[in-house]
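Take a look at the structure set out below.
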Amino acid sequence: MTALKVCLRPFRAAGPRLDVEPVAGKTVIHNYGHGGSGWSLSWGAANIAVGKAAATLEKKIAIIGCGIIGLTSALMAQRAGFDVTIYTRDMLFQSRSVRANGSWTPDSRIALTEQAGPQFGDLWEQMARFSWSAYRDYLGLPGNPIDFIDTYVLSDKREEDKFHEEIDRSKPTYATTGKPQQGAEFARYYSRVTDIIPASLPLDSGHTPFGVASAKRVRRMMYNFGAYGHLLLSEFHQAGGRIVMREFHAPSDLAALREKVIINCPGYAARDWWRDKSIIPVRGQTAWLPPDPTLHYGLAYRGAEMLSKSDGIMIQGYDLDHLGEMSGVGNSFEHPDRIEAEHAINIFAGLFARAPTQG
Ligand SMILES: Cc1cc2nc3c(=O)[nH]c(=O)nc-3n(C[C@H](O)[C@H](O)[C@H](O)COP(=O)(O)OP(=O)(O)OC[C@H]3O[C@@H](n4cnc5c(N)ncnc54)[C@H](O)[C@@H]3O)c2cc1C
């Protein structure tokens, strides 16, 4: 393993916070709480936040945070003609963002259906469609900042598992406990954008070397963090952007900034620095093996996922105990769990051991 990374998804039951709040004589536009979909929805969320900033007619803008949400907000603000300064405690490569999986997962733990309400579905679709088209500008570039990869979803069963889609009202729910309790509470919006996403293709089981009962191929968009992150940062600097390393401790600290308009992108840290207890941690972990440029595919099998990226082979055990969307919910333990990582790696080691060797 070259790295073992732990991250907390900034989950909010009502979906990301994108409202405007007057604080300390400033106009603060929030852009945080994107759950397991921050990379995927970043451009669309930034477009909404910058649209609100443009209505103030100010020329200078401050962005708090340099994770993927802060950086895309900063770039969208520059494209809208703002003079932009990012204030941040950590740069992108130290932020939680680069501890993610990094693929197109726009409705992963993004909201709860009931708490977000029907209007959020429309806002989600707007963000997802805008992001999807924004990513096209980064395709086909050196280092493949954004890439498409075939992922093979393998199963030992002939039929896909049918998830329990209905909330069981006899059991605890978010409404009764203040925390998601059932996978069925999580919102699913993916069907709204299937017209723009490559469809999955069922494969004859004989078309994979692994001897599994069923398989399908999904062509997925993914983000190579190193190439993409450096490209975004150099775009920001080339357009005259500034980055100031600063940590804020309370909303009143914003009074010291020269900018009157602020886009607030602290991710999970909003729980402490903005005292926003609506943020719920959803822990996740990725293990990284050395990059192998000869591999260009991904696998999903028995609740684990492998993705060969330019910066390493990423392995994530996302459903080791068949918890589905409930995996990691409410868990803020941000330390690596080596046993969990080895379990996920061994799922693929076992799979490859079953495949006939070539040569
Ligand atoms: C295991 C895992 C896998 C994931 N996989 C995917 C995926 O495949 N696709 C996808 O779309 N999403 C994925 N996500 C979700 C995604 O990583 C997050 O939604 C996203 O990173 C949130 O970005 P952010 O910029 O809001 O937060 P962060 O990355 O946490 O950035 C916050 C920034 O704010 C700064 N900051 C915070 N507090 C302060 C303060 N007080 N003062 C100054 N600066 C401050 C920080 O230094 C940092 O720069 C995954 C998450 C996990 C945990």
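Helix 225-238 versus the longest principal axis of the chain: what is the Cα-based angle in degrees, 0 to 90, to the nearest 10?
So the inclination is approximately 20 degrees.
How far is helix 338-354 tilted off the main Cα axis of the chain, in degrees rounded to 10, range 0 to 90?
Relative to the chain, helix 338-354 is tipped by roughly 40 degrees.
What residues of the stretch 103-127 lie in the reach of a label at Arg219, counting those whose backbone N is under 20 Å from a point 7 Å from the Cα along Cα→Cβ?
Answer for the stretch 103-127: 103-106.
How big is the charge dipole of the chain about its Cα centre, in debye rounded to the nearest 20, if each Lys and Arg gets +1 on its Cβ and each Asp and Glu gets -1 on its Cβ? Please report the intermediate quantities before stating the final value.
Values: 39 positive and 38 negative charges, 141 e Å.
Rounded to the nearest 20 debye, it is 680 debye.
Quick one: if the Förster radius is 30 Å, what FRET efficiency do Asp137 and Met1 give, using the C-beta to C-beta distance and rounding to 0.05? Mind dumping the intermediate values first?
On the way: r = 34 Å, r/R0 = 1.12.
The pair Asp137/Met1 has a calculated efficiency of 0.35.
Note down the nm distance, to one decimal, between modelled labels 7 Å out along Cα→Cβ at Ser252 and at Arg338.
The modelled label-to-label distance comes out at 4.6 nm.
Could you report the stretch 198-261's accessible area per residue, 1.4 Å probe, as an integer in Å²?
51 Å²
Among the lysines, select those whose C-alpha is under 28 Å from the C-alpha of Lys277, and discard any that sit fewer than 8 residues away in the same chain.
Output for Lys277: Lys5, Lys26, Lys52, Lys171, Lys179, Lys260.
What is the extension gain from Ala14 to Glu166, computed as 0.36 nm multiplied by their sequence separation minus the C-alpha to C-alpha distance, in nm to one decimal?
Working: separation 152, 0.36 × 152 = 54.72 nm, distance 1.88 nm.
Extra length from Ala14 to Glu166 when fully extended: 52.8 nm.
Below 15 angstrom from the Cβ of Ile29, what's the summed charge of the other residues (Lys, Arg +1; Asp, Glu -1)? Write down the numbers at each step before the final one.
Details: positive: Arg17, Lys26, Lys52, Lys60, Lys260; negative: Asp19, Glu21, Glu58, Glu259, Asp276.
Taking every Cβ under 15 Å from that of Ile29, the sum is 0.
Rolling a 1.4 angstrom probe over the protein heavy atoms, how many square angstrom per residue are accessible across the stretch 22-145?
Values: 4250 Å² over 124 residues.
Solvent-accessible surface per residue comes out at 34 Å².
Cα atoms only: what Rg and Dmax, in Å, come out for the stretch 1-71?
14.1, 50
Of Arg12, Arg242, Arg169, which has the largest mean-square fluctuation in a 10 Å C-alpha GNM of the chain?
The residue with the greatest mean-square fluctuation here is Arg169.
Whole Å is fine, so just give me how far the alpha carbon centre of the stretch 134-211 lies from that of the stretch 254-324.
16 Å
Return the distance in nm (one decimal) between the two label points of a simple spin-label model at Val23 and Val193, each offset 7 Å from Cα along Cα→Cβ.
Between Val23 and Val193, the label points sit 2.7 nm apart.
With an 8 Å Cα cut-off and a minimum separation of 6 or more residues, compute the relative contact order for the chain in percent.
Values: 754 pairs, mean separation 96.3, N = 359.
Worked out over the chain, it gives 27 percent.
In degrees, nearest 10, range 0 to 90: what is the angle between the Cα axis of helix 68-79 and the longest Cα principal axis of the chain?
With rounding to tens, the tilt is 50 degrees.
Could you look at the chain and say what percent of its accessible area is carbon and sulfur, using a 1.4 Å probe and all protein chains?
Numbers: 8660 of 16320 Å².
Ligands and nucleic acids excluded, carbon and sulfur reach 53 percent.
Taking the Cα atoms of the stretch 3-354, what is the range of coordinates along each of the three principal axes, in descending order and whole Å?
If we take the Cα atoms of the stretch 3-354, the spans are 63, 53, 39 Å.
Set Lys and Arg Cβ to +1 and Asp and Glu Cβ to -1, take the dipole of the chain about its Cα centre, and tell me which of Pro172, Phe120, Leu231 lies farthest positive.
Of the options given, the answer is Leu231.
Expressed in nm to one decimal, what extension gain is obtained for the pair Lys179 and Glu159 from 0.36 nm per residue of sequence separation less their Cα-Cα distance?
My answer for the length gained is 4.0 nm.
The values are calculated or read from the model by the stated rules, or taken from the named source; none is laboratory data. Since this is a predicted model, take the numbers as computed values, not measurements. We place every Cβ from the backbone using ideal geometry, glycine too, and count neighbours over all the protein chains shown. These area figures cover heavy atoms from the full protein model, side chains too; ligands, DNA and RNA do not enter into them. Shrake-Rupley method; radii C 1.70, N 1.55, O 1.52, S 1.80 Å.
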